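Here, each number is a calculation from the coordinates, and none is a lab measurement. Owing to the predicted nature of the structure, the values given are computational and were not obtained by experimental measurement. Using ideal geometry, Cβ is built from the backbone for each residue, glycine included, and neighbour counts are taken over all protein chains shown.
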Number of protein chains: 6
Amino acid sequence: MSFNHVRMNHMVWKEYAARKDDIIILPIGATEQHGPHLPLCVDSVLAEEFALRLADKVNGIVAPTISYGYKSAPLSGGGPLFPGTIDLNGSTVQAIITDIVDEFVKDGFTKIFILSAHFENQAFILEAMDLMSQKYEAMGKNIQLVNSNWWDPLSPDCLDKVFTEVPFPGWAFEHAAVTETSLMMYFAPHLVRENEIKPSKQAEPGTYFKYPIEKDIVPETGVLAPAVSSTAERGKIIADDAIENLVKICKKAFK
Amino acid sequence: MSFNHVRMNHMVWKEYAARKDDIIILPIGATEQHGPHLPLCVDSVLAEEFALRLADKVNGIVAPTISYGYKSAPLSGGGPLFPGTIDLNGSTVQAIITDIVDEFVKDGFTKIFILSAHFENQAFILEAMDLMSQKYEAMGKNIQLVNSNWWDPLSPDCLDKVFTEVPFPGWAFEHAAVTETSLMMYFAPHLVRENEIKPSKQAEPGTYFKYPIEKDIVPETGVLAPAVSSTAERGKIIADDAIENLVKICKKAFK
Amino acid sequence: MSFNHVRMNHMVWKEYAARKDDIIILPIGATEQHGPHLPLCVDSVLAEEFALRLADKVNGIVAPTISYGYKSAPLSGGGPLFPGTIDLNGSTVQAIITDIVDEFVKDGFTKIFILSAHFENQAFILEAMDLMSQKYEAMGKNIQLVNSNWWDPLSPDCLDKVFTEVPFPGWAFEHAAVTETSLMMYFAPHLVRENEIKPSKQAEPGTYFKYPIEKDIVPETGVLAPAVSSTAERGKIIADDAIENLVKICKKAFK
Amino acid sequence: MSFNHVRMNHMVWKEYAARKDDIIILPIGATEQHGPHLPLCVDSVLAEEFALRLADKVNGIVAPTISYGYKSAPLSGGGPLFPGTIDLNGSTVQAIITDIVDEFVKDGFTKIFILSAHFENQAFILEAMDLMSQKYEAMGKNIQLVNSNWWDPLSPDCLDKVFTEVPFPGWAFEHAAVTETSLMMYFAPHLVRENEIKPSKQAEPGTYFKYPIEKDIVPETGVLAPAVSSTAERGKIIADDAIENLVKICKKAFK
Amino acid sequence: MSFNHVRMNHMVWKEYAARKDDIIILPIGATEQHGPHLPLCVDSVLAEEFALRLADKVNGIVAPTISYGYKSAPLSGGGPLFPGTIDLNGSTVQAIITDIVDEFVKDGFTKIFILSAHFENQAFILEAMDLMSQKYEAMGKNIQLVNSNWWDPLSPDCLDKVFTEVPFPGWAFEHAAVTETSLMMYFAPHLVRENEIKPSKQAEPGTYFKYPIEKDIVPETGVLAPAVSSTAERGKIIADDAIENLVKICKKAFK
Amino acid sequence: MSFNHVRMNHMVWKEYAARKDDIIILPIGATEQHGPHLPLCVDSVLAEEFALRLADKVNGIVAPTISYGYKSAPLSGGGPLFPGTIDLNGSTVQAIITDIVDEFVKDGFTKIFILSAHFENQAFILEAMDLMSQKYEAMGKNIQLVNSNWWDPLSPDCLDKVFTEVPFPGWAFEHAAVTETSLMMYFAPHLVRENEIKPSKQAEPGTYFKYPIEKDIVPETGVLAPAVSSTAERGKIIADDAIENLVKICKKAFK
């Protein structure tokens, strides 16, 4: 499915202008190592795929995906020492989100959904949203800014359906592991090296942060928990559940 | 106990200069609402008290506490709508930490521990640490920067000992609840209004963030989980366990 | 042709790491109105398509495209008053380029080509390059930064081959006009609304800039010169010529 | 005297919220060398002590003290070469004051007094005040921002009463000298090493500034004028006079 | 001619205040190498001279000239490797223009003309104008900001009258060449070393930018096209034509 | 006297390049109200005139004057409410000084003298110098940065010779008063409206700062102390004495 009807990118300007009362979704991912079996674009692909499906359900439109994100942390993404992990500074993430959303607002949009698929983006998305929201209020503009991702809204029982063979290692370690791998097998199977999915050790939780970053706290492959047992079917379970709950968020949050 | 021997504040400059090979601890708290029974200074008091005790054990010294922190989030601190919650922007938190640590480094210190007692400070402390660490490496300086708090290092069984009467609501909701209240009863009992500790509803977890912030997602009192069952004894259990583990972190992380 | 072998996005991190001695190409486009017949993504599509073909010829790799660019100017892109034109501030463009290139450098790359398909990006790309280059020199790093686009390198006679039916209006007015339309018909014909290509008036050159921007200085459609006579064949002529010359630039500039 | 009734720090949020029509005082000091007889916290202690006493008289409240200040200058504070002098950049001082005052304003306060006890903070406090004031005026908010310290408001004859044994060296050199030492002996005698108060040479005035800073322009001890003749009684004379005049300022300036 | 009656510099404040309904012209030049025959101040002299003559015709006033500008580019000004070329960063150019114009606006001026005589200033002047204009609109202020220079407004046939002996090399290479040299011979003949005007090679156009800048792409003298044939008479032709057209711009643009 | 031999502005680039071992002087003034008898350019004229004379004596060269300075304070310059007082933000003053000095350093200069004639510039000049100096030290560059003005270096008895008819009001109030007026009568008599020099009230010292600025704290004319008794002869006394002492500073400070 192409989802061409929801891609802002593919619209001419008058088509876009006519949609200003709809929800506009800004996907933000990252360019980040995802082990030997997943490509660097995982977070950007997931952000875009979820955004397209959500837009399809809520009559929204999807802005071009931001393909670079905030710095990968060792114990949730492998960290900056892996080649291919392209880390933006926090101020840059804030600036790009702010500038883009400001333009949506100038174009008349009032319902804006920032959909992230990279955990580490969170704090800087919220900082941007807070500062923008204060600015819009001072200008007397009534703008609704919503942020979520694909993991926080999952139904409580969804993980039970997915983790029937291996235990859920916690979200921090779900990096290049069962959920991301299954989603990629469902959304973009041609980008998954299935024969590189192998049993591996799980990273151990940390109780502190140290800089310069210590190399040995992350498995050498960059996989934080084993991806074994990933399937496209499990990817579909997650995707369907997340979309259903993201639709509910849109209905509840945008008034 | 006054802990005067570890307070940088109370030293004359030659005493401080003589300590440059020791660990220097920078406490950072916040000024933030903590319900009807705890004062606005809870996070700053806790940051300082843990820092003093840690310094006492590891022969460290404690820099003056930063009493203001990053923006309170609704579902981990009540959020910005409460009077008395004084929110710094993220760039300001980064700047103040960076400037202070740069000065420690100019004075010859190489082992620097940033001890936070306000959850929301986390992302901006790490951003500051990352940028400083890159700078020091470019300058050929070997500086070790460590960050932790009092909750992440707790032993797995510590919470079992504390939550014998009420269930543990998760760390996000432990705001003005049993752990913070017990710690304040242990460290600074004169600042606790015990008769204001009352049964209350627990906040409900959110699956998205919205700005402008919705007022009704946080209990009116600002207490995110009931503080009932808090005691100074429970505070001591937490404090002793946290200190013991913070000491271990210092031994492991600083080389 | 998929050009999968040159897309950084589709590589796993070890594949990317193995390419560090090759040229890495960073495409930057824009999200900008392009009249009634071309979609908002023209500049991003062109940046990416040229980057992929160039990489294919010089054994380079292509980083994820930056889909948002600097502010559209009225007399070279229609300007900010058109919905769908998403303008980043200059400081944001500088920051995103700087952060990404810094990461390539940390990963060991030394030959970096920034390929823009949006005229207005120019000054801020150069400012970023200048500041980075000074920084790398101070660090003793030998990094070569090159910037070009698809129009400056064209052979003198290329335009003669393209503009056989209508006169060349000058590059400023080649917005949504014959060159861009022909290139899109060649690279992405499914995104072109051919029946919307109609005779239209050419914009008139300005001798000054005024803010607030005057609405009536740009044709209402956003097309600055007529796109009539555009064909995929003409697109191929431009593309082939540009690629040939971009390859020459790579050979000459990277030592 | 504890002054607990005026400490914002010790209030719960509803107590603070109820005080929004009162004057809120923000003390800002520094962490700075003060010779062999005074601790690094002198400026922060003085800022806080004056703030508490002033609040007590004008029914104001005192926000948590900012314990770090702008860069020490050689000929008014000894300068950056002394260990223990922790210098914030000017932009950081501006940011922290701005963020905090903005929050007081959001909480409904309109009478804000920034009380500094570190001379070098002056220019950056004023820059912050000017920029905030312009912002509030643009927002249509009527906010009164006042700044003073403990030395400018002193009555003309106050110094005559204090300097009966040694001559007044001018305010620039009153660093770790008679006024600061006497005030510390009055406010915090346990922090003064009285046996380290010794006759010393006075610094010589400069007619230019040079960077890198020349080490030999400041006495090796960091004391810019002799502290000999300091007493708690003299401290009380200064304190009482300053408070009396600060109260007058509040009455005159806040309307 | 002294043009004293239009120089803001020479007015007392009440004279300036009385002119607030007139056009205020802010000249911005540069300090930049101009070969062996022209001084470093060429761009600043030209900016000021054009501003004075324009003000004289439109009853405007001229603010003090900004004597430093944005970074010289190799193929339009010789570039940063020439001593005497003093390059401001783009953010600095934006800041100085913004601060000055903001002050004109506070003083009641609404018609502001930024007159540049240094090509490279362009992008950063426009960025400043755009951001200011958005700010003024948000404040409900009706401020008209206009920018031009002396070359864009020239009549089509003016260059024909000037380039009767040598061909016009294009504006980029008109650096220290016939137009600038002739204008200096007309405006400030005592600053021209006529015996240093010699036949020279013209720079060759570039199709890409590279950093670090390659030294050999610019003629060693810094002259980008020969200045031979320059005369004061030709300078007058250019000056008169430019002024006439700048006057027309003022009449058309300011309403 | 034209001082052409010391003006960087009038040099061609090779003349400037040959002077890199000499002292380079950067004058910074302001555009600021100076009452009914002095023009807005007083501080810029004085900065430049002192710089030229100093350069003449020490074989230095003088860079183009910065004609805009930091914000005028009410009780040292009349303040921002006077039309014609053009106030730069502190960060802008820092940026412009930093960028210019960085360029001198790239051109090989190591002895840099920043000569201000506007009191309020002080703090931001020093902040720029401190940050630059730290940067140069990190780069291993030995650069000497000196800052002074024309009033701090005056000999103790100089004021006695000048103030024979009226008392010296203190430097803060010497705004548009006897010293500045006498210097302008000496350096630029054609710019002084002598018949507007009239007896006037002296401003009264303040003990606090308030924003928004109170209009009535400054005499309506903008003159802070009477200019009566000003003469060109007195101007010469000040000028000669200041130059003599500035020469001594150069000899002492630059090594």
- Note on the structure: If labels are modelled 7 Å from Cα along the Cβ direction, B:Ser155 lies from its partners in the other copies at nm distances, smallest first, of 4.1, 6.3, 7.9, 7.9, 9.4
- Where rotation carries E onto A, the chain E residue whose Cβ is nearest that axis, in whole Å: E:Ala138, 5
- Query: How high is the relative contact order of region D:4-253, in percent, with contacts defined as C-alpha pairs under 8 Å that are six or more residues apart?
  - Reply: 23 percent
- Query: What is the magnitude of the charge dipole of the protein assembly as shown about its Cα centre, with +1 placed on the Cβ of each Lys and Arg, -1 on the Cβ of each Asp and Glu, and no other charges, expressed in debye to the nearest 20?
  - Reply: 0 debye
- Task: Excluding residues fewer than 8 places away in the same chain, name every one of the lysines whose C-alpha is closer than 18 Å to that of B:Lys161.
- Result: B:Lys236
- Item | Local electrostatic count at C:Gly235 - Lys and Arg +1, Asp and Glu -1, tallied over other residues with Cβ under 14 Å | -3
- Message: Just want the answer: with Cβ charges of +1 for Lys and Arg and -1 for Asp and Glu, which residue in C:Ala227, C:Met8, C:Ala18 is farthest toward the dipole's positive end in chain C?
- Response: C:Ala18
- If you take the square roots of the eigenvalues of the alpha-carbon gyration tensor of the protein assembly as shown and sort them as a ≥ b ≥ c, do you get rounded (a/c under 1.5), prolate (a/b over b/c) or oblate? oblate
- Task: Just check region A:4-253 against the gyration tensor rule for me: Cα atoms, a ≥ b ≥ c as the square roots of the eigenvalues, rounded for a/c under 1.5, and otherwise prolate or oblate depending on whether a/b exceeds b/c.
- Result: prolate
- With A:Val178 itself left out, Lys, Arg at +1 and Asp, Glu at -1 over residues whose Cβ is under 9 Å from its Cβ give -2
- Item | In Hz, Karplus ³J(HN,Hα) per residue of region F:196-212 (6.51, -1.76, 1.60; θ = phi - 60°; x = Gly, Pro) | 9, 7, 9, x, 8, 6, 8, 5, 9, x, x, 10, 7, 10, 10, 10, x
- Enumerate the calculated ³J(HN,Hα) couplings along region F:216-233 in order (Karplus 6.51 cos²θ - 1.76 cosθ + 1.60, θ = phi - 60°), each rounded to whole Hz, writing x wherever the residue is Gly or Pro. 7, 8, 10, x, 4, 6, x, 8, 8, 8, x, 8, 4, 5, 5, 8, 4, 5
- Message: Among DSSP bridges having both ends in the protein assembly as shown, what percentage is antiparallel? Round to the nearest 5.
- Response: 25 percent
- Task: Let me know the mean shielding of F:63-72 by other chains, meaning the per-residue number of their Cβ atoms within 10 Å of its Cβ.
- Result: 5
- Shortest first and in nm, the label-point separations between D:Ile217 and its counterparts in the other identical copies (7 Å out along Cα→Cβ) come to 2.9, 4.4, 4.4, 5.1, 5.4
- Item | Residue-wise HN-Hα coupling along region F:164-179, computed from phi with Karplus coefficients 6.51, -1.76, 1.60 (Hz; x: Gly, Pro) | 9, 9, 10, x, 6, x, x, 5, 4, 8, 6, 10, 6, 9, 4, 5
- Query: Any idea what the C:Trp171 label distances to the other copies are, label 7 Å down the Cα→Cβ vector, nm, shortest first?
  - Reply: 1.3, 4.8, 5.4, 5.4, 5.9
- Message: Considering only C-alpha atoms, what is the centroid distance from region B:43-68 to region C:44-101, in Å?
- Response: 48 Å
- Task: State whether region B:67-183 is rounded, prolate or oblate according to the following rule on the C-alpha gyration tensor (a ≥ b ≥ c being the square roots of its eigenvalues): a/c under 1.5 gives rounded; otherwise a/b larger than b/c gives prolate, and the remaining case gives oblate.
- Result: oblate
- Item | Label-point separation in nm, C:Glu165 to F:Lys251, each point 7 Å along Cα→Cβ | 8.3 nm
- Query: Which distance in Å, rounded to a whole number, links the C-alpha centroids of region A:185-252 and region C:132-196?
  - Reply: 39 Å
- Message: Need one value for F:189-197: mean number of C-beta atoms belonging to other chains within 10 Å of its residues' C-beta atoms.
- Response: 1
- Query: With contacts defined as alpha carbon pairs under 8 Å and 6 or more residues apart, what's the relative contact order of region C:136-255 in percent?
  - Reply: 41 percent
- Please give the average number of partner chain Cβ atoms lying within 10 Å of the Cβ of each residue in F:36-42, rounded to a whole number. 5
- Within region D:4-253, percent of DSSP bridges classed antiparallel, to nearest 5: 10 percent
- Item | FRET efficiency, B:Glu194 to C:Ser229 (Cβ-Cβ, R0 60 Å, nearest 0.05) | 0.10
- Cβ-based net charge around C:Tyr68, under 11 Å, with every Lys or Arg adding one and every Asp or Glu removing one: -4
